[in-house]
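Okay, structure first, notes after.
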Amino acid sequence: MSKLSDKKLIDYINEVDSPLPAPGGGSVMGVIGSLGCALAGMVVHLTINKKKFLELNKEEQDSFNNAIEKIKEIKSHLMDIIDKDAENLNIFMNVMKMPKNTEEEKEKRKAAISEAAEKLISVPFNALKCCYELVEFFDIILKYGNEGVITDILSAYILIFACAKGSILNININIPFINNKNIADNIKSNSKQYIKVIENKYYSIENEILLFKL
């Protein structure tokens, strides 16, 4: 079966717009997050050969170049999520169909659901973590990037904010299926930490976005 990330954009959109549960929200968050990275990359390409950038000192240029490489790596992880979420959701949906006629079957099904839920949640959790890590690198692109395309890096912040919020929704709806309280609590604790940083950054740059309001 072909990868979702290899499909034409129109085909992917139409596949989301179908009666099937996958690809769904988690996969779409991978698309949104990777597009945020791509926008940041565009700003980079329109910056590195400009006179103003070349006049920066070595430390500043090294910081920018390091951010470029990190954003590329994270974009790759987010693109993997496009397919991984759909795969894990299909596994989860199949496990939900397991028989539950006897106590033994119920216990077996419950354990299988918990295991499948852990795998399913790991995908939006990783997407959320990616967005958290991107904040630091987007800040560097914003600081040194070409001012002529400043709105594009600001738009990239909006996209990772949306990706993070959507990922939180996917975590919240599936976490009750996890039986292991320690695992669930750890996911909740880290997710709260990540989303707080992302939200604070988004709202701190909102005034920058509003500067361009007509």
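For the residue pairs 129/188; 3/75; 143/192, alpha carbon separations beyond 20 Å are given by 143/192.
The calculated 222 nm mean residue ellipticity attributable to helices in the chain amounts to -28000 deg cm²/dmol, summing -39500 (n - 2.57) over DSSP H runs of n ≥ 4 and dividing by all residues. DSSP H helices in the chain with Cα extent of 20 Å or more along the helix axis and mean Kyte-Doolittle hydropathy at least 0.0? Both cut-offs are met by 25-45, 150-174. Counting pairs of Cα atoms in the range 97-214, how many percent are more than 18 Å apart? Every Cα pair in the range 97-214 considered, those over 18 Å come to 59 percent. Note on residue 119: aspartates and glutamates with a C-alpha under 16 Å away, same-chain residues under 8 apart excluded, are 80, 83, 85, 87, 185. Within the straight-line cut-off of under 16 Å between alpha carbons, the lysines reachable from residue 106 are 97, sequence neighbours fewer than 8 places apart in one chain being disregarded. Bridging of residue 52 to aspartates and glutamates at a Cα separation below 18 Å is possible for 60, 62, 139, 147, once same-chain residues fewer than 8 apart are set aside. For a label point 7 angstrom out from the Cα of residue 38 toward its Cβ, which stretches of the range 146-187 have the backbone nitrogen within less than 14 Å? Within reach of a label on residue 38: 156, 159-160.
Since only 56, 5, 74 are under comparison, the one whose Cα sits farthest along the positive direction of the charge dipole of the range 1-128, derived from C-beta charges on Lys, Arg, Asp and Glu, is 56. Mean separation of Cα pairs under 8 Å and 6 or more residues apart, divided by the residue count, gives the range 89-214 a relative contact order of 32 percent. Between 29, 96, 79, find the one with the highest GNM mean-square fluctuation for the chain; connect C-alpha pairs within less than 10 Å. Greatest mean-square fluctuation among the candidates belongs to 96. With 26 Å as the limit on Cα-Cα distance, the pairs of 51/196; 8/201; 72/165 that go past it are 51/196; 8/201.
Quarter the surface of the alpha carbon convex hull of the range 66-141 and you get the mean projected area, 5.2 square nanometres.
The residue list 151, 37, 186 was ranked by how far each Cα lies along the charge dipole of the chain toward its positive end, using unit charges on Cβ atoms, and 186 comes out on top. Label sites at residue 200 and residue 104, each approximated as a point 7 angstrom past Cα along Cα to Cβ, lie 5.4 nm apart.
The value given for the chain is a Kirkwood hydrodynamic radius of 18.7 Å, derived from the mean inverse Cα-Cα separation. Here the accessible area of the range 1-146 is 55 percent carbon and sulfur, with a 1.4 angstrom probe and all protein chains present. Dipole magnitude for the chain: about 260 debye, using +1 per Lys or Arg Cβ and -1 per Asp or Glu Cβ, origin at the Cα centre.
The values are calculated or read from the model by the stated rules, or taken from the named source; none is laboratory data. This one's a predicted model, so the numbers in the text were calculated from it and none came from an experiment. Please note: Cβ atoms are built from the backbone with ideal geometry, for glycine as well, and neighbour counts cover all protein chains shown. Quick note on the areas: whole protein, heavy atoms, side chains included, nothing else; ligands and nucleic acids left out. Shrake-Rupley method; radii C 1.70, N 1.55, O 1.52, S 1.80 Å.
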